[in-house]
Structures are given as structure tokens and as C-alpha cells.
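Colleague: Here you go, one structure.
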Amino acid sequence: MKYILSFFAAIFTYFNAGAMTNLSQHEQFKKSEILIIDVRTMDEFKSGNIKGSILIPYNEIHHQISTITKSKDAPIAVYCRSGSRSGIALRILQSMGYTNVINYGSFSSAKKILDNKV
């Protein structure tokens, strides 16, 4: 049992890696300049989301991101329920060459951060 718990803790840490890192990278941008992507499911999005965010489920981000922006330098914030799926989305976008992507973590964390932006 101890090994199973350790395994799941390691998996969670791996997928949550990058959560809320490099927030200073977006300091100079106004909220309206940041592409805010909610990577949760449609049902989660409908239950509440950050005003102005765009729904792109994390498992569809590689297909849909180019319909939202072609700029690899665009400031992009991703968030989900806990920060895990947004961590996956972050790595996918980085592997596609997007250079200004930040995982804002959970919905509540992202909301707090973005509510403080002008």
C-alpha cells in the first residue's frame, strides 16, 4: 500500500510540475492581453469559468490551439481544476514551440491571479 501511495504521489507531482511557475513572465501583460485557456471538460467549464477564458480540453489542445493563435510568443495562461491537466497542456504547448505559456494551476488560483490583474 505504501508503494502504491508513493507511486500516485510521484505521478501527481509529475503532472502538476510547472504549476504556477514563472508568473513574473506575465507581469507586464494586462489581463486582456493574455490568452486564458480552460483545459477542463465542457461540464466543468459550464459550472464556472474565468470571464474571457476559452475552453480547449487538455486532450484537444494540440489540435485546437492554432485556431486561437498562430503566434508562438503569445502570452498564454492555462488552468484546470487542480493544476494537473493544465500541467499536461503546458508541456504539450511547449513541445509545439509556444514560448510564453504559464500554468496558472487550479481554477481558484488562476481566478485569484487574474482578478488582481488590470
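The values are calculated or read from the model by the stated rules, or taken from the named source; none is laboratory data. None of these values were measured; they are calculated from a predicted model. Quick reminder, even Gly has a Cβ in these numbers, built from the backbone with ideal geometry, and neighbours come from all protein chains shown.
Colleague: When the residues of segment 63-80 are filtered to those that are in contact (Cβ under 8 Å) with a residue 24 or more places away in the chain and part of a helix (DSSP H, G or I), which remaining residue is surrounded by the most Cβ atoms within 10 Å (Cβ to Cβ)?
Modeller: Per the stated criteria, the residue is I65.
Colleague: Which pairs do you get when a residue that is under 12 Å from R81 (Cβ atoms), found in segment 106-118, comes within reach of a residue that is in a helix (DSSP H, G or I), reach meaning Cβ atoms under 9 angstrom, with the pair 6+ apart or on two chains?
Modeller: Every condition considered, the pairs that remain are S106/S86; F107/E44; A110/S86.
Colleague: Cβ-Cβ distance below 7 Å, separation of 6 or more or different chains: which pairs start in segment 37-62 with a residue that is on the phi > 0 side of the Ramachandran plot and end on one that is surrounded by 14 or more Cβ atoms within 10 Å (Cβ to Cβ)?
Modeller: G52/I36
Colleague: Exactly one condition in (1) surrounded by fewer than 17 Cβ atoms within 10 Å (Cβ to Cβ); (2) at pLDDT 95 or above; (3) more than 16 Å from F107 (Cβ to Cβ) is false for T41; which is it?
Modeller: That leaves (3) as the condition not met.
Colleague: In addition: Quick check: anything in segment 6-24 assigned to a loop (DSSP other than H, G, I, E, B), more than 15 Å from the chain's Cα centre (by Cα), at pLDDT 50 or above and surrounded by fewer than 10 Cβ atoms within 10 Å (Cβ to Cβ)?
Modeller: no
Colleague: Just one of E33, E27 is among the acidic types (D, E) and surrounded by 11 or more Cβ atoms within 10 Å (Cβ to Cβ); which is it?
Modeller: One residue alone meets the criteria, E33.
Colleague: Something else: Pick from segment 82-105 the residues that are farther than 17 Å from H26 by Cβ and of a type in the set (S, T, N, Q): which of them is farthest from the chain's Cα centre (by Cα)?
Modeller: Checked segment 82-105; the qualifying residue farthest from the chain's Cα centre (by Cα) is S95.
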